[in-house]
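Asks: After the structure tokens below, expect a handful of questions from me.
The values are calculated or read from the model by the stated rules, or taken from the named source; none is laboratory data. This structure is a prediction, so every number in the text was calculated from the model and none was measured. Cβ placement follows ideal geometry from the backbone for every residue including glycine, while neighbour counts extend to all protein chains displayed. Surface accessibility is based on the protein's heavy atoms, side chains included, excluding ligands, DNA and RNA. Shrake-Rupley method; radii C 1.70, N 1.55, O 1.52, S 1.80 Å.
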Amino acid sequence: MELVPEFAALLQPFAQAMTTPTFESLATLMAGWVLASRRTVTRMILAAGDSADKHFSSYHRVFSAARWSLDRVGLAVFDLIEPWIDGDVLLALDDTLARKRGLKIFGCGMHHDPLISTRSKAVMNWGHSWVVLGVIVELPFRPGHYYCLPILFRLYLNKAKANQHRRVYRTRPELAVQMLGTLCSHRKNRRFHAVADSAYGGQSVLNNLPPNCDLTSRLLMDARLYEAPPVRKPGTNGRPRKRGNLLPTPAAMLEGRCRRLSFKIYGRTDTARVAHVEARVHSAPDRPLRVVAVEPLTGGRKPQAFYSTRCEATAEQVIAWYAQRWSIEVAFHDSKQQLGFEEPQGWSRRSVERTAPVAMLLYSLVVLWFARAGHRQYQPLACPWYTSKADASFADMLATLRRQTVRQKVLSLALNGPGSRKVRQLLEHTLAIAV
């Protein structure tokens, strides 16, 4: 069963990153991925139906042995997203855990599980830790809402696993800098702006940003802040000063007079006391930052501090940029719940490094298809208990794509033959893969 032509057109740029037979197999697997109830390669082959006309081992080799680059495919997806972007490209950086079972799976280790951890107790779990870079974009069919579309991925290996597999150990921030460098060098004439939490706001990222990339992130409330170093006078002995006078910490900034602002973030309107200053942190004395300290008066949050390398930005802009980071958490949730990000069963190095990221690339493609054509075919369910729902969720987008795919196949059978027996078989096949 082939996907609708509008979606198949989104897959065409992938052909530049692989051979024709591999691309045909990948397109078949994409169709099976959309229709399957469980996202393993064998279930995808069954869900694809008559379009899977090769030996089953050919589809397994797409992930485990075929020669193609995941980065090139991710950059091809970015090229599809680029026409929807006006101005600078806003990026989101974060990592997520894909829980696994099995001691022989490549790269598996014990990692912090944020979903079942609490503030007082950290819980570890066995699985893969993925560092993900996505593009934050506002699409016309839903103004005011931001989607994060993942494009680049890196599998984090802890020190024990890196030594076991004879790989160079790299921290998550170092992997993030790699992906930023790959994307920024792909479009050297564009300006990028990454938004990340405090795990990616330290000196390993801040001091190694590409020249055409900015960063907005969290800051500690007791961070040391400095003025710019004074101009060195002629005839002064000793080495030049790297840092200027010490400024108040973000916590001390909130003790003085502050502005009271109301802004709409996370789907609601919050009121907070805000103080901001242009400063430099101890680990990056050469880079001026806009530092914003926030004390929420509603919502029950604790005081927080943020910074942005765009020192000309206002406090409202910095807070709004950081709030858009939440869209990558939504992408993680939908990719796991709706597209089976944790379900592939590959265990070799290549299959592990390729299969799970394809689920998130498929998430990006489904959202782009819905923005191009799918929103015209979307029919919301008449649910009297859902009176406040006005926009399509990702589950609705995926259901719309499935409906259009099955409808296209039914019409094709009705037009090209007797149809009744084949249509009945198609409906039985559709019900079978949905169980």
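Asks: Between D88 and E174, what's the calculated FRET efficiency when r is the beta-carbon distance and R0 is 22 Å? Round to 0.05.
Replies: 0.35
Asks: For a label point 7 Å from the Cα of S198 along Cα→C-beta, name the residues of the range 237-266 whose backbone N is under 17 Å from it.
Replies: 249-254
Asks: Now, a different point. Which sequence of I81, I265 reflects their accessible areas, 1.4 Å probe, from the largest down?
Replies: I265, I81
Asks: Could you list the chymotrypsin sites (Phe, Trp or Tyr not before Pro) in the range 263-345 that lie in coil according to DSSP, counting only those with at most 12 other Cβ atoms within 10 Å of their Cβ?
Replies: Y266
Asks: So what is the relative contact order for the chain, in percent, with contacts set as C-alpha pairs under 8 Å and at least six apart?
Replies: Relative contact order of the chain: 17 percent.
Asks: Can you tell me the 0 to 90 degree angle between the C-alpha axis of helix 20-35 and the longest principal axis of the chain, rounded to 10?
Replies: Its long axis makes an angle of about 90 degrees.
Asks: A further question follows. With everything on Cα atoms, drop me the angle between helix 394-416 and the longest principal axis of the chain, reported from 0 to 90° to the nearest 10.
Replies: Tilt relative to the chain: about 20 degrees.
Asks: With a sphere of radius 10 Å drawn around the Cβ of H145, what net charge do the other residues whose Cβ falls strictly inside it have (Lys, Arg +1; Asp, Glu -1)?
Replies: Neighbourhood net charge equals -1.
Asks: For the chain, what is the accessible area per residue in Å² when the probe is 1.4 Å?
Replies: Normalised by residue count, the accessible surface of the chain is 51 Å².
Asks: So, one more: Roughly speaking, what is the stretch gain from A252 to H145, that is 0.36 nm per residue apart minus the C-alpha to C-alpha distance, in nm to one decimal?
Replies: Taking 0.36 nm per residue and subtracting the Cα distance, the gain is 35.1 nm.
Asks: Then there's this: Springs between alpha-carbon pairs under 10 angstrom, Gaussian network model over the chain: which of Y226, Y156, Y200 fluctuates most?
Replies: Top of the fluctuation ranking is Y226.
Asks: Taking 8 Å as the Cα distance limit and 6 or more residues as the minimum spacing, I'd like the relative contact order of the range 160-286 as a percentage.
Replies: Normalised by residue count, the contact order of the range 160-286 is 20 percent.
Asks: With both partners inside the range 135-261, how many of the DSSP beta bridges are antiparallel, as a percent to the nearest 5?
Replies: 60
Asks: Given a 1.4 Å probe and every protein chain left where it sits, what share in percent of the accessible area of the range 24-103 is carbon and sulfur?
Replies: With neighbouring chains kept in place, the figure for the range 24-103 is 51 percent.
Asks: Follow-up question, since we're still on this one. In degrees, nearest 10, range 0 to 90: what is the angle between the Cα axis of helix 326-339 and the longest Cα principal axis of the chain?
Replies: 20
Asks: Further question: Just the number, please: percent antiparallel of the DSSP beta bridges in the chain, rounded to the nearest 5.
Replies: The antiparallel fraction comes to roughly 85 percent.
Asks: Which of the aspartates and glutamates could be linked to K233 by a straight reach, that is with a Cα gap under 20 Å, when you skip same-chain ones fewer than 8 residues away?
Replies: The reachable aspartates and glutamates, counting only those whose Cα sits under 20 Å from K233, are D286.
Asks: Still on this model: Using 1/(1 + (r/R0)^6) with R0 = 22 angstrom and r between the beta carbons of H186 and R67, what's the FRET efficiency to the nearest 0.05?
Replies: Once rounded, the FRET efficiency stands at 0.60.
Asks: Past the 25 Å Cα-Cα mark, which pairs from K100/K159; K54/K409; K302/K336; K121/K159?
Replies: Among K100/K159; K54/K409; K302/K336; K121/K159, the Cα-Cα distance tops 25 Å for K302/K336.
Asks: Next up: Hey, any idea what % of the range 197-326's accessible area is carbon plus sulfur with a 1.4 Å probe?
Replies: After summing per-atom areas, the C and S share lands at 50 percent.
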